[in-house]
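Report on the following structure.
The values are calculated or read from the model by the stated rules, or taken from the named source; none is laboratory data. This structure is a prediction, so every number in the text was calculated from the model and none was measured. Methodologically, a virtual Cβ is constructed for each residue, glycine included, from the backbone with ideal geometry; neighbour enumeration extends over all protein chains shown. Side chains are part of the model used for accessible areas, which takes the heavy atoms of the whole protein and leaves out ligands, DNA and RNA. Shrake-Rupley method; radii C 1.70, N 1.55, O 1.52, S 1.80 Å.
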Amino acid sequence: NIQTVKQNGTYALEPIETKSANPKALKIQRGAFDYLYAEYRQPIGYDAQDSPFSNIYEGALLHILLSPEKSALVDPTPDGDNNTITLTEGSTFVDPATATRISLFSRTSSSLILDVSLGKTDFIPPTVTITSPPPDSSVSGVVQVLAEATDSSGIQKVEFYVNCSPGCGD
């Protein structure tokens, strides 16, 4: 029961170990095919075993997928001297990839309330077409290059780079 976050708001999660149709995790986009996940665990069932992490049940676990089979925990306090693996009550994590802010508003043994303020939300690259010179044409000397660029979020600038093989420009 993963809820995809598409707008700013407050989201409630139940422990991942409970049986219900309510959300167990949040999925927050951070790239074209990259997501940050937030989940809540409690010592229920398999997770009732002793954990090597003292505060695993005290807040939101944040992780990203490295591959379809592997995920990695995200340190929610990278600048702090807090030795924690969870986002704890009253804490805020700012995703360096998107500036999305996730704050743990409150926590009980049966629910976790997260406030999410999305940063970057446009992950569709702009459409760019070089209009001059025509494709596959040979050019030399000073060349004027023209392009058309469109994006639903707007275009701030267009940059051109020359890929010069060894010996060119000599």
Set LYS6/LYS157; LYS27/LYS120; LYS19/LYS120 screened for pairs whose C-alpha atoms are more than 23 Å apart: LYS6/LYS157; LYS19/LYS120
Show the residues, 5+ positions off or on another chain, whose built amide H is closer than 5 Å to the amide H of ALA25. GLN3
Taking the range 10-72 on its own, what percent of its Cα-Cα pair distances exceed 12 Å? 71
What label, among (1) 25, 17, 15; (2) 46, 17, 15; (3) 36, 18, 14, belongs to semi-axes √(5λ) of the Cα gyration tensor in Å computed from the structure on display? (2)
Could you give the nm distance between label points at GLN49 and ALA21, where each point is 7 Å from its Cα heading toward the beta carbon? 3.3
Can you figure out the FRET efficiency of THR4 with THR108, using R₀ = 35 Å and their beta-carbon distance, to the nearest 0.05? 0.90
Add +1 for every Lys or Arg and -1 for every Asp or Glu among the other residues with Cβ under 15 Å from the Cβ of GLN3, and state the total. 0
At a probe radius of 1.4 Å, what is the per-residue accessible area of TYR35, in Å² to the nearest 10? 60
Just to be sure I understand the model, the point goes 7 Å from the Cα along the line to the Cβ. What's the resulting LYS70 to GLU159 distance in nm? 3.1
